[in-house]
1. Inspect segment B:238-260 for any residue being among the aromatic types (F, W, Y) and open to solvent by 60 Å² or more (accessible area, probe 1.4 Å) and give the result as yes or no.
2. Is there any pair with a first residue in segment A:120-137 that is at pLDDT below 85 and a second that is open to solvent by less than 50 Å² (accessible area, probe 1.4 Å) and part of a helix (DSSP H, G or I) whose Cβ atoms are under 9 Å apart and which are 6 or more apart or on different chains, and what are they?
3. If you check B:V363 against the conditions, is it part of a strand (DSSP E or B), open to solvent by 20 Å² or more (accessible area, probe 1.4 Å), among the aliphatic types (A, V, I, L, M) and away from chain A (no Cβ under 14 Å)?
4. State which residue pairs qualify: first residue more than 8 Å from chain A (Cβ to nearest Cβ) and inside segment B:395-422, second residue exposed (fewer than 14 other Cβ atoms within 10 Å of the Cβ) in any location, beta carbons under 8 Å apart, and separation of 6 or more residues or different chains.
5. Check whether at least one residue in segment B:307-319 is out of contact with any Asp or Glu (no Cβ under 6 Å at 6 or more places or on another chain), touching a residue at least 12 places away in the same chain (Cβ under 8 Å) and either within 14 Å of another protein chain (Cβ to nearest Cβ) or not in a strand (DSSP E or B) (or both), and report yes or no.
6. Only residues that are open to solvent by 30 Å² or more (accessible area, probe 1.4 Å) and either under 20 Å from B:I242 (Cα atoms) or aliphatic (A, V, I, L, M) (or both): list them for segment B:272-286, please.
7. Can you tell me which residue among B:G556, B:G546, B:G534 is more than 24 Å from B:S453 (Cβ to Cβ), part of a loop (DSSP other than H, G, I, E, B) and modelled with pLDDT of 80 or more?
8. State whether one or more residues within segment A:155-174 are crowded, with 19+ Cβ neighbours inside 10 Å, without any contact (Cβ under 8 Å) to a residue 24 or more places away in the chain, more than 14 Å from every other protein chain (Cβ to nearest Cβ) and part of a helix (DSSP H, G or I).
Amino acid sequence: MTETSAKIAVVDDDPSVRQAFVRLLRAAGHGADAYACAGDLLAHPSLGEFGCILLDVDLPDLNGLELQATLEQLDYAPPIVFITGHGDIPMTVRAMQAGAVDFLTKPCEADRILRAVVRALQIGCERRHQHEVLAGERARLDSLSPREHEVLAGVVMGLRNKQIAAQLGICEKTVKVHRAHVMEKMGVRSLADLVRLAERAGVGTETDSRG
Amino acid sequence: MDGILPPALYLLAGACLYAAFHHAAKVRGRPLNWTHLWFFLLCLMVAGHVVAKAGGYQAQSAEEIVFWRRWDTAFAAMVFIFLVWFVREYAGLRSVWGPALLSLLLFAFVPLAMLLPHGVVFTELPAMIDHTLPWGEQVTDIRVRPFTNAHGAGWFAVLMSLAYGLYGGVQQYRRGEYTRARWLLVALAVFLLLLTINFVEDLGLLDFFYVGEFGFLALVFLMNRALELESRMARQHMEAVIHHVPALVYLKDLKGRFLLVNRGFEDLVGVPRPALIGRTDDKLFPPVDAERLRVNDRRVLESGHAVEFDEMVNIGGEALSFVTLKFPILDVDGRPLGVCGISTNVSAERELKDQIGTLKSQVWHADRVARVQTLGSSVAHELRQPLAAILANAEAGLHLLSREGADPTEMRDILQDVVRDNRRAIRIIEGLREMLRQGRSTRVRVLLGDLVSEVLDYLQGEVRRRGVVCERSLDPSCFVVVDKVQIGQVIMNLAMNALDAMEDRPIDQRQLSISVQPDEAGQACLTVRDSGSGLPPDASERIFEGLFSTKARGLGMGLALSRSIIEAHGGRIWATNNPEGGATVQLVLPLADDAVR
């Protein structure tokens, strides 16, 4: 349970409910912050630091489902556990289809809330991990020079050095040097790793669209 | 003396007498009008005149001739008097002076003929003058000679009365009563023709026989025929009207036998008219219905005037509702002859009205259910918040306690929050009760009796279906300020309870009476009294508590809701058992302010 270090955002317009949830989560050993409405939460500078969100559907400004849609558009969205006073089936279905971890009804046993939160934190942790990996790869890809990019594109397409050289109008030896630089900068050992990484970071599609 | 003229005249007199009595018989049992009376008297006088005439022809001595001649003249004067008045009535003339003057003039001849020296003329007759009739018969001439001034005046009066008759006929013709006018004019023309011949003979200008009497016969015969035709026409018109009236029309004698039914009746019952005449209700309808109809008939006969009833009859397995007006038919002396009924089939309207009533009561019920549901769900939602908070707080507390070294400050905070949220939940529940008590109701000033009528109208079908006799006495001054829907629900509730309570009573013992009147404390008092099974002992208070019901299918919510509504209106409701069986539910509501003033 190393993930519990991530904070949980509690969004509920009812102050005593909000307070009680925060207290419960803290008692269970989670970090938790309370927000009275969607606006307050969205105003937070780095939403990414939240492990998950415990969200009421009825909020004074944005409805919980709308907030969920807004968060989806971010790079990284913390997973959401809904908890509501009067949920109906269509609402539940919508929330679950949009990727909510759970949909709870007030009043709800602490056990269920905590279990849902833990699951959400795990999912959040995985998501963040993936997000971080991807971000690292992106950063490395960005550090390549334009020429190295072109060479990488050729490699990913499965061209030989000679063909790349002919395409770029440079000599084969230079291509080899660029390729070695790319391998080094991307931190991979084998050609297969390079191709997989480049594909994940979207280099392949980039070349496709170009040619 | 064994000729044929006097017997012929007796025959004529007999015919006139017959006409008079025939006419009288026709008129019997119908309202007598003056036309009938005058015509009857006219006929009698003609008969008398003709008898006197015949007597004169058979006279053996001058004294006898004088005797008969006097009666002859007196009767003739009377005939013309009655002719004038008959014409006036028959032709519908309005003036009284003309006929009155003529009558006076003519009447002067009655004593003149009977007493005055008029007879001297006869005594001076040297001998009886015989006259040979065209067919060879010899009769005594009874004409008066010589022609005196009295004669002249008499003829003048006769001609005037005939002229008046012609005038009446013409007037009638101009008014468009062609048939009547034609009969009158034809009769008068024949009469006048014969009289003219008489007159001419009298003057000695023509030597023919004196037969004016046959003119009377023509008059009497034609007029009798006219009157008879008229009464037959009137009957035909009446029958046509009766048969084509869309309602059922029938006439029953005192024993309930049908004397007359119209086509509508025949069609509905499905029995041809001739077969219906003489039958009674119990041959046509189920015994229960027939008995009910007879009861109504008897009530009409006892009351002696027209009464309107709501009647229900099973015909061909179908229960039909009628609005019936019944009235007694009286004979000339004012004794009842029978009952006439005019029934309108209102089954379709009734059914429609019943359906509307049922729908309305269903809507009322649905509305009540919906209100409770809405309230329930909104309350449930409101309660979820504090409950969620309490639960979460309590569990957080438990978590903290399970750890080593729990912070007492935090524990206190938690418990304080639990208490606060608990109070909040209580407030919500209090609010709900308040809402139920006052509701979001709109109160208006309304006549309590009107509300009762409205509800009873909805329930009319139910009341009828269950055979309940419903009495209402609604004071027209009890204004109250209430939520119409809520109080309507209460009234409907009470009425339905009363109807349900009478379900197992025999059909003739189901009585519901609803009254509204101000009580001595200045409140409007509504009383619903039934003849049902009454309340079980010690239940009179418990029935107003929720979830207590004396009915097999009851929820036990009706009276509880009623009580909360009535109390929210500042009133009171209670129930008692009647000493003679059944229960009475009473409620009081404060009167509207301006009604107290």
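1. no
2. A:R128/A:G48; A:H131/A:G48; A:E137/A:M186; A:E137/A:L197; A:E137/A:A198
3. Considered against the rule, which asks whether it is part of a strand (DSSP E or B), open to solvent by 20 Å² or more (accessible area, probe 1.4 Å), among the aliphatic types (A, V, I, L, M) and away from chain A (no Cβ under 14 Å), B:V363 comes out as no.
4. B:M411/B:L401
5. Within segment B:307-319, one or more residues are out of contact with any Asp or Glu (no Cβ under 6 Å at 6 or more places or on another chain), touching a residue at least 12 places away in the same chain (Cβ under 8 Å) and either within 14 Å of another protein chain (Cβ to nearest Cβ) or not in a strand (DSSP E or B) (or both).
6. Hits for segment B:272-286 are B:P272, B:R273, B:P274, B:A275, B:I277, B:G278, B:R279, B:L284.
7. Answer to the selection: B:G534.
8. yes
The values are calculated or read from the model by the stated rules, or taken from the named source; none is laboratory data. All figures in this text were calculated on a predicted structure; none of them were measured in a lab. Cβ coordinates were reconstructed from backbone atoms using ideal geometry, including for glycine residues, and neighbour counts include every protein chain displayed. Protein only, heavy atoms only, side chains kept; ligands, DNA and RNA dropped before computing areas. Shrake-Rupley method; radii C 1.70, N 1.55, O 1.52, S 1.80 Å.
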